[in-house]
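Colleague: Could you have a look at this structure, given as structure tokens, before my questions?
The values are calculated or read from the model by the stated rules, or taken from the named source; none is laboratory data. Keep in mind that what you see is a predicted model, and the values were worked out from it rather than measured. We place every Cβ from the backbone using ideal geometry, glycine too, and count neighbours over all the protein chains shown.
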Amino acid sequence: MVVPVTAMYPIGVILLAVLILKEALTLRQVCGILLSLGAIYLLTG
């Protein structure tokens, strides 16, 4: 269970960049976040 959670660190970086640096999310980043969340759900559920 630890491996899927540690694989989410890039998503944390993207979200911090959006919140702190006011960066815009690209469609590729949004798709990557959604796919990662779906993978975590499948691996842990």
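This table checks each residue for (1) assigned to a helix (DSSP H, G or I); (2) among the β-branched types (Val, Ile, Thr); (3) at pLDDT 85 or above.
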| site | (1), (2), (3) |
| --- | --- |
| ILE20 | yes, yes, yes |
| ALA24 | no, no, yes |
| VAL30 | yes, yes, yes |
| ILE33 | yes, yes, yes |
| ALA39 | yes, no, no |
| LEU43 | yes, no, no |
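Colleague: When both residues are 6+ apart or on different chains and their Cβ atoms are under 9 Å apart, which pairs have a first residue that lies in region 19-43 and is farther than 13 Å from ALA7 by Cα, and a second that is modelled with pLDDT of 90 or more and exposed (fewer than 10 other Cβ atoms within 10 Å of the Cβ)?
Modeller: none
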